[in-house]
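Single-structure report; data block below.
Taken together, the values in this text are just the output of simple stated rules run on the coordinates, not laboratory data. Because the structure is a prediction, the values reported are computed rather than measured. Here the Cβ is made from the backbone with ideal geometry for all residues, glycine too, and neighbour counts use every protein chain on show.
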Amino acid sequence: MARYGEIFLKSDSVQRHYIKIISKNIRNALLAQNLEHELEIHRGRILINGNNPEYIAETVSKVFGIVSVSIAIRTESSREEIENTAAEIASLKLKPGMSFAVRARRSNVKGFTSQELGASTGDRIYDKVKDLKVDLKNPDYEIFVEARREGGLIYDSKIEGPGGLPLGTQGAVLSLMSAGIDSPVASWLAMKRGCTASFVNFSGGRYMGGDILKASLENLANLSKWTKGQPLKLYVMNIEPFYDALMKVENPRNRCLICKRFMLRVASKTAKKYKYLGLVMGNNIGQVASQTLVNMAVVESVIPSDLPLIQPLITYDKEETVVLARKIGTFRDFAGDVSCSVVPKHPAVAATIEKVLEDEKNIDIENLVEICSKDFVLYKALNGEIITD
C-alpha cells in the first residue's frame, strides 16, 4: 500500500493527472525490477498486488510523490474480519508485559467510527495476548487498521518515501553536475519537486583531477536508482579550450567567477537547444568565495531571463546537505582526485560586474561557447548503472 500526500492539495483535474503520472512511474520502476504486479488506485492510496511484497515495497518507496509504503494484509470490509486479522498479526509480535497501540481509520464504511474500530480491535488483541498495556504515546508496538470501501487493510510498519511531486509533472530541467556532494543533492531535490532532470558536466582536461569524470558518473548512476525504468542523461562538455584562454587573463582573482559564468553560458545554450525549462545548481550562500551574494549576482547575470535558475540548497548548512546525501546514496567519503588547478590562491569574494566584464574582454567568450557547446560526450544511466558512453 503506497500513500501519496501533497497531491491532495491539487484540484480534482490536476489530481487525476498527477495520479496518472505517479502510477506510470510506479509501473516503470516495478517493470525495471521484473516485479509482476497489479495496481489499484483509490483515494489517498495506491494498492499494489504482487508475489514479492518486500521487493515491491522497497522499489515503490523510492518513487517521487510517495510519502510512505506498507506491506498490508487485505481483508473484506467487515469489522469482525479486520479485528480478527489484526489480532493474528499482532500476536506474532507482542509478548506479555509489552505495550501497544491500535491506530484505526475508516473511509466510506458505515456502521462504526474509527474510535470504535480501534477500541474493539484492541480488545480482540487483549483476548489473544495476555498482560498487555495500552500506550498511545510511546508504545512498544503499533498496528494500523483501515476499514475502507475497497476492503480492510492491516499493517504494522511503514517505509518512508521521498514525498514531493511525481517525477515529470513539472517539466524538464538541466542540472549542473559536478564530482562533489552538493550538485547531486540539489538535483535530487529538484526531481522530488516533479522535475525530470538531465545533467551537464564540464571537463577541463589537463586542468582537472583525473577522477572527476568517474565521480560524476557515480553521481549519475546513484541518482538513477531513484528513477528506475527511466534513464538519466549526462552531457560531458569539453571546456579545456576555455581554460587555455582563461589562464592568460592577467588578474587571477576573478577566474572562478568567469569560469562559472562560462559554464552557465554553455548550460543555457544547451538548455535552449534541447528545450529544458530551467537550470539547477547546488549553490549555497557563503559556502565558497563564488557563492557570496555579490558574486552570485555577477555569475547569474549571464542566464537568459526566461530560463529559471533553481538552487534548492541555497540556505542549507553543509551538514544538512551531507545528511541528505547519505540518505539518498550519493555521499562518498573520498571521491579521488577532483582538484582544479585553475582556482586562484585568493579568489575574489565581492567582485564587480564591471571588473569581470573587463577581464572577459581578453577571452573570445562567444566563440568559445559555440565551440565547447558542440564538443561533448553523452552518457546515460539506468537503474543504478551507466549503460552507454
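In segment 183-322, Cα pairs under 8 Å separated by at least six residues give a relative contact order of 28 percent.
Taking a Cβ cut-off of under 12 Å around G329, the surrounding Lys, Arg, Asp and Glu residues balance to a net charge of +4, with basic ones at +1 and acidic ones at -1.
On the principal axes of its alpha-carbon atoms, segment 291-336 has extents of 36, 24, 21 Å, going from largest to smallest. Over the Cα atoms of segment 254-359, the radius of gyration divided by the Kirkwood radius equals 0.98; this is the Rg/Rh ratio.
Once you reduce segment 176-194 and segment 1-71 to the center of their Cα atoms, the two points are 23 Å from each other. Based on DSSP H segments of at least four residues, each scored -39500 (n - 2.57), the chain has a per-residue ellipticity at 222 nm of -11500 deg cm²/dmol. Across the chain, Cα pairs under 8 Å and at least six residues apart give a relative contact order of 18 percent. Per residue, the convex hull spanned by the Cα atoms of segment 163-290 amounts to 110 cubic angstrom.
Taking one quarter of the surface of the C-alpha convex hull of segment 168-233 gives a mean projected area of 4.2 nm². Which trypsin sites (Lys or Arg not before Pro) in segment 293-369 sit in a loop by DSSP (not H, G, I, E or B) and have at most 12 other Cβ atoms within 10 Å of their own Cβ? Counting only loop positions with at most 12 other Cβ atoms within 10 Å, the trypsin sites (Lys or Arg not before Pro) in segment 293-369 are K345, K361. If you take the alpha carbon atoms of segment 35-154 and fit the smallest convex hull around them, that volume is 115 Å³ per residue.
Rg over Rh of segment 49-109, using C-alpha atoms and the Kirkwood radius, what does it come to?
My calculation of the ratio gives 1.02.
Could you work out the mean projected area of the convex hull around the alpha carbons of segment 245-285, in square nanometres to one decimal? Dividing the Cα hull surface by four gives the mean projection, 3.8 nm².
Axis angle, to the nearest 10 degrees, between helix 182-192 and the longest C-alpha principal axis of the chain: 50 degrees.
Spin-label pair A350-I71: with each label point 7 Å from Cα along the Cα-Cβ axis, the two points sit 6.0 nm from one another. Per residue, the convex hull spanned by the Cα atoms of the chain amounts to 158 cubic angstrom.
The share of C-alpha pairs in segment 207-257 whose separation exceeds 15 Å stands at 62 percent.
Rounded to a whole number, what is D in µm²/s for segment 120-226 from Stokes-Einstein with the Kirkwood radius over alpha-carbon pairs (10 °C, 1.306 mPa s)?
Rounded, D is 87 µm²/s.
Computed about the Cα centre, the dipole magnitude for the chain is approximately 620 debye when only Lys and Arg (+1) and Asp and Glu (-1) carry charge, each at its Cβ. Along its principal axes, segment 307-389 has C-alpha extents of 44, 35, 31 angstrom, given from the largest down. Rg ratio for segment 20-69: its Cα radius of gyration over 2.2 N^0.38 Å, N being its residue count, equals 1.00. Our summary gives segment 224-305 a relative contact order of 27 percent, counting only alpha carbon pairs under 8 angstrom and 6 or more residues apart.
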